[in-house]
Amino acid sequence: LGDFVNPRIPPQPGDPIRIASSETLSGMLSPRRTADTGSANIGSLLTREPGDVPIVLSVKDVVSTHLAILASTGAGKSYTAGVLVEELMQPYNRASVLIVDPHSEYHTMSSIQGDAQFAAADGYKPEVKIFTPDKIKVRFSTLTEGDVKYLLPEGTSDKMLHFLRQAFRSLQDKLKAEGRRDHLYSYHDLRDEVQKQQYGKDDKDAGDGGNVSSIQGLLWRLDSRFDRTDSIFHAHEHIELSELYRPGRCTILQLSEIEQTEQQVIVGTLLRRVNKARELTVGQHAEKGSENFLDYPVFTLLEEAHRFAPAGASVVSTNVLKQILSEGRKFGVGIGLITQRPGKLDQDVLSQCMTQIIMRIVNPIDQQTVAQSVEGAGRAMLAELPALTKGQAIISGVGINTPVMCRIRPRITAHGGETFDAPAEWMNWHSDGEKSKRDQDDAPYLKPSSDKKPEKIGNIRI
């Protein structure tokens with residue numbers, strides 16, 4: 001059949017049983033060979049010597065049917081994600097990868113650039129592009145009405161939301177009447193439509209005093225979020241998809257200094273844009289050179305995925321994630337979810353990830369969640385989860401022929417999420433060299449700025 005098929009007929013009693021060779025195991029466990037096009041060598045079989053039996057994933061299956069990396073904190077999930085990204089950037093993959101990085105852990109991936117281990121004879125050299133929080137921009141017109149509502153503070157009344165809905169409708173009608181196909185508008189265009197309603201033009205009851213106060217309250221809430229000099233929401237600027245995704249480029253979106261609600265809206269808006277672009281391009285409805293033209297598959301890794309699809313909570317990024325996880329395979333939009341709390345991740349989202357890399361998990365709720373969501377791994381293997389040590393993982397799903405226990409290989413790049421050695425840092429703080437350095441740094445602040453005598457106000461000397 002040209003595929004891996006689990007045997008259904010047990011051996012006969014008395015048949016001899018022999019230990020399989022490393023070569024036999026390699027061919028049986030992994031759907032790809034190391035350095036083949038579409039392969040990702042992420043480690044070796046845990047029950048053999050390191051490197052004896054490589055565990056090589058099928059990148060095609062991992063990317064098209066989505067991935068979940070699940071582990072308790074400190075078990076090595078970010079390290080494993082780094083290993084996978086290294087494989088995706090190799091000359092035999094040259095993938096288009098975006099990493100959503102809420103903690104700025106992946107900046108060390110930039111060392112891929114210029115590393116001879118990732119170069120190819122035909123001139124291929126992978127790129128790493130990092131967008132720091134000050135460089136992240138979202139065009140206001142890419143936000144939906146639901147996005148704007150989500151960004152408003154708690155306590156926004158139903159009446160205010162009614163006037164916001166009316167403003168969105170009248171703005172869309174205005175754009176259609178003007179024949180503007182781009183549907184571009186700024187925050188102030190929406191604000192003007194909200195403000196018009198207090199004069200009774202768009203709603204027969206808008207002139208009522210209570211409605212005026214509701215509209216004013218809505219305007220105040222909108223201004224506090226969108227009318228700021230440091231706002232990430234801009235009238236015409238945003239990051240083009242071709243800048244975020246390009247074959248042979250790993251883009252890192254650092255969200256560490258952006259509040260969580262805005263992070264969720266950024267991710268939701270971005271995923272909605274890329275899904276639409278791929279759908280239009282595959283359907284041949286996007287013009288070449290337009291912002292909706294994206295003629296190659298893409299893969300997005302979401303670190304701290306439970307932020308963007310939490311269980312039992314209504315978050316703007318959850319619905320678009322569900323849509324991509326269920327339909328993205330047809331359009332070449334792949335998702336990788338990384339989380340330390342699978343119990344806090346929406347179960348519909350987790351169950352759509354067809355390849356799982358599961359590392360040490362101690363929390364019973366998280367263990368139960370994994371057991372319910374991971375179909376391929378048996379109970380005996382999942383019972384090993386609390387006993388796994390750092391860097392060990394159970395891998396199952398369509399990216400591998402059969403569930404295996406794997407030892408993750410060492411990274412080529414440095415790991416950006418190392419645990420601090422607090423006692424060593426404290427001891428170093430008291431060392432003679434650090435004391436001397438602090439004294440030099442503090443010296444300019446300890447010297448008097450002038451010989452002028454201090455002023456006296458009452459009994460206080462300044």
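General observations
- Consider the range 247-278 and keep the residues that are small (G, A, S) and not in a helix (DSSP H, G or I). The one that is least open to solvent (accessible area, probe 1.4 Å) is G248.
- Within the range 326-353, the set of residues being within 14 Å of the chain's Cα centre (by Cα) and either open to solvent by 10 Å² or more (accessible area, probe 1.4 Å) or among the aromatic types (F, W, Y) (or both) comprises just one member, Q340.
- Among residues of the range 38-54 that are of a type outside the set (A, V, I, L, M), those with a Cβ under 6 angstrom from a residue that is part of a loop (DSSP other than H, G, I, E, B), sequence gap 6+ or separate chain, pair up as S39/R32; N41/T34; G43/R409; S44/P50; S44/G51; S44/V53; P54/T34.
- In the set (1) open to solvent by 30 Å² or more (accessible area, probe 1.4 Å); (2) touching a Pro at 6+ places or on another chain (Cβ under 7 Å), E425 fails one condition alone, (2).
- Flag for Q356 being farther than 30 Å from V53 by Cβ and either touching a helix residue (DSSP H, G or I) at 6+ places or on another chain (Cβ under 9 Å) or part of a helix (DSSP H, G or I) (or both): no
- Residues within the range 307-317 that are in contact (Cβ under 8 Å) with a residue 40 or more places away in the chain and touching a Gly at 6+ places or on another chain (Cβ under 9 Å), tallied: 4
- Qualifying residue in the range 207-221 (condition: at pLDDT below 95, open to solvent by less than 40 Å² (accessible area, probe 1.4 Å) and among the hydroxyl-bearing types (S, T, Y)): yes
- Hits in the range 270-327 (condition: closer than 20 Å to S64 by Cβ and β-branched (V, I, T)): V274, T281, V282, V298, T300, V320, I324
- Verdict on I266 being within 15 Å of the chain's Cα centre (by Cα) and either closer than 25 Å to G289 by Cβ or not polar (S, T, N, Q) (or both): yes
- Residue check for A286: farther than 20 Å from K137 by Cβ and among the small types (G, A, S): yes
- Selection from the range 279-306 of residues that are surrounded by fewer than 17 Cβ atoms within 10 Å (Cβ to Cβ) and either touching a Gly at 6+ places or on another chain (Cβ under 7 Å) or part of a helix (DSSP H, G or I) (or both): V282
- Evaluation of E287 against the conditions (1) touching a Ser or Thr at 6+ places or on another chain (Cβ under 6 Å); (2) more than 22 Å from T144 (Cα to Cα) shows that the sole unmet condition is (1).
- All of K135, K129 fail the test of being modelled with pLDDT of 95 or more and basic (K, R), apart from K129.
- Each residue in the range 389-412 was checked for being crowded, with 22+ Cβ neighbours inside 10 Å and not in a strand (DSSP E or B), and 2 pass.
- Odd one out for G155, checked against (1) closer than 15 Å to Q216 by Cβ; (2) under 31 Å from the mean Cα position of the chain (by Cα); (3) in contact (Cβ under 8 Å) with a residue 24 or more places away in the chain: (3)
- Candidate set: the range 222-243, residues that are polar (S, T, N, Q) and either closer than 30 Å to A286 by Cα or open to solvent by less than 30 Å² (accessible area, probe 1.4 Å) (or both); chosen: the one nearest to the chain's Cα centre (by Cα): S242
The values are calculated or read from the model by the stated rules, or taken from the named source; none is laboratory data. Values in this document were obtained by computation on a predicted structure and should not be read as measured data. Glycine also receives a Cβ, built like all others from the backbone with ideal geometry; neighbour counts cover every protein chain displayed. The accessibility values were calculated without ligands, DNA or RNA, using every heavy atom of the protein model including side chains. Shrake-Rupley method; radii C 1.70, N 1.55, O 1.52, S 1.80 Å.
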